[in-house]
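**Q** The structure follows.
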Amino acid sequence: MSNRGTVLVVDDDENDLVLLQQAFGAARIANPIQILHGGFEAIDYLNGNGQYSDRKKYPLPCLMLLDLKMPGCDGFQVLTCRRTRSLPDFPVVVFSSSNLEQDTKRAMDLGATVYAVKPATFNYLVTMAKELKARWLEPKLKSRRVIREI
């Protein structure tokens, strides 16, 4: 078992998930990645409900990447749930295809750490993954770089 914190990725688009995993590989992110496919599943995970009750198997994340536009329970509902629970503090990067100002404002008001519009190119996705790694996944480096365009 790795002593590195788990990265929780919540997205309903399988293509985006595959590209993100490939970008994390290219960025040499060694943290375990837990993929969830929707908001209800994310809320269960964060609350430790059902199959996610075993915190050794499903630890709270050190970083969460969260899509907003998901059917059933969207990312806004996940942010609202996180805000109302007594969970340890961890950064939440909203990773959405929406570039609407009202979505950005609402997500940030609900406690998102960063709002990022999904990139159009794989190279940009790799660059973003490297910057996430430097900012939050390698605490020894204590990087203070700002993530470009996020």
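**Q** Note down the nm distance, to one decimal, between modelled labels 7 Å out along Cα→Cβ at Ala120 and at Thr80.
**A** So the label points at Ala120 and Thr80 sit 3.3 nm apart.
**Q** Another question, if that's okay. Using mean Cβ contacts within 10 Å as the protection proxy, how do 29-35, 110-116 order, highest first?
**A** So the order, starting with the most tightly packed, is 110-116, 29-35.
**Q** Here's a follow-up. Amide H to amide H under 5 Å from Thr6: which residues, 5+ apart in sequence or cross-chain, H placed 1.01 Å off N in plane?
**A** HN-HN under 5 Å from Thr6: Cys62.
**Q** Now a separate question. Suppose a student asked you for the relative contact order of the chain, using Cα pairs under 8 Å spaced at least 6 residues apart; what percent would you report?
**A** 25 percent
**Q** Net charge around Leu79, counting only other residues with Cβ within less than 12 Å of its Cβ (Lys, Arg = +1; Asp, Glu = -1)?
**A** 0
**Q** Here's another thing I want to ask about it. Mind listing the phi-derived Karplus ³J(HN,Hα) values for segment 103-118, rounded to whole Hz, using 6.51, -1.76 and 1.60 with θ = phi - 60°, and x for any glycine or proline?
**A** Values per residue, Gly and Pro as x: 5, 4, 4, 4, 4, 5, 4, 8, x, 4, 7, 9, 10, 10, 7, 4 Hz.
**Q** Once the other residues with Cβ under 11 Å from the Cβ of Asp13 are scored (Lys, Arg +1; Asp, Glu -1), what is the net sum?
**A** Neighbour charge sum, excluding Asp13 itself: -3.
**Q** While we're here: Quick one: what are the phi-derived ³J(HN,Hα) couplings along segment 5-10, Karplus 6.51/-1.76/1.60 with θ = phi - 60°, whole Hz, x for glycine and proline?
**A** Listing the rounded values in order: x, 7, 9, 9, 10, 10 Hz.
**Q** Might you tell me the accessible area per residue for segment 1-112, computed with a 1.4 Å probe and given in Å²?
**A** About 51 Å² of surface per residue is accessible.
**Q** Moving to a separate point now. Assign one of three labels to segment 50-109, namely rounded, prolate or oblate, based on the Cα gyration tensor with a ≥ b ≥ c the square roots of its eigenvalues; rounded applies when a/c is under 1.5, prolate when it is not and a/b is larger than b/c, and oblate otherwise.
**A** Prolate is the answer for segment 50-109, as a/c is 1.5 or above and a/b outweighs b/c.
**Q** Taking amide H atoms as placed 1.01 Å from N in the peptide plane, list the residues 5 or more away in sequence, or in a different chain, whose amide H sits under 5 Å from that of Lys69.
**A** Answer set, sorted by chain and number: Gly75, Ser97.
**Q** Lysine pairs in the chain 8 or more apart or on different chains: how many have alpha carbons under 18 angstrom apart?
**A** 8
**Q** If you don't mind, another one. Where a ≥ b ≥ c are the square roots of the eigenvalues of the C-alpha gyration tensor, would you call segment 29-139 rounded, which needs a/c under 1.5, or, failing that, prolate if a/b is larger than b/c, or oblate?
**A** Oblate is the answer for segment 29-139, as a/c is 1.5 or above yet b/c matches or exceeds a/b.
**Q** OK, next. Of all the stretches in the chain, which is the longest one without any exposed loop site, taking trypsin sites (Lys or Arg not before Pro) in a DSSP loop (any state but H, G, I, E, B) with at most 16 other Cβ atoms within 10 Å?
**A** Here the longest run is 86-139.
**Q** Place a point 7 Å from Cα of Ala26 in the direction of its Cβ. Which residues in segment 122-137 have their backbone N less than 12 Å from it?
**A** 122-130, by backbone N distance to the label point.
**Q** A further question follows. For Ser97 and Leu19 in the same chain, what is the full-extension length gain: residue separation times 0.36 nm, less their Cα-Cα distance, in nm?
**A** 26.7 nm
**Q** Continuing with the same structure: Counting only protein heavy atoms, what percent of the accessible surface of the chain is carbon or sulfur at a 1.4 Å probe?
**A** 49 percent
**Q** Using a 10 Å cut-off on Cβ atoms, rank the peptides 20-27, 96-103 from the highest mean neighbour count down.
**A** Taking the mean over residues of other Cβ atoms within 10 Å, the ranking is 20-27, 96-103.
**Q** Calculated FRET efficiency, Met108 and Ala134, Cβ-Cβ r, R0 22 Å, to nearest 0.05?
**A** Efficiency, from the Cβ-Cβ distance: 0.50.
**Q** Which of Asp67, Asp89, Asp11 ends up with the largest GNM mean-square fluctuation for the chain, with Cα atoms connected below 10 Å?
**A** It is Asp89.
**Q** With +1 on each Lys and Arg Cβ and -1 on each Asp and Glu Cβ, and nothing else charged, work out how big the dipole of segment 2-150 is about its Cα centre, in Debye to the nearest 20.
**A** Here segment 2-150 has a charge dipole of around 880 debye.
The values are calculated or read from the model by the stated rules, or taken from the named source; none is laboratory data. Note that the structure is predicted; figures quoted are calculated from it, not measured. Cβ atoms come from the backbone with ideal geometry, glycine included; neighbour counts cover every protein chain shown. Heads up: the accessible areas ignore ligands, DNA and RNA and are worked out on the full protein's heavy atoms, side chains in. Shrake-Rupley method; radii C 1.70, N 1.55, O 1.52, S 1.80 Å.
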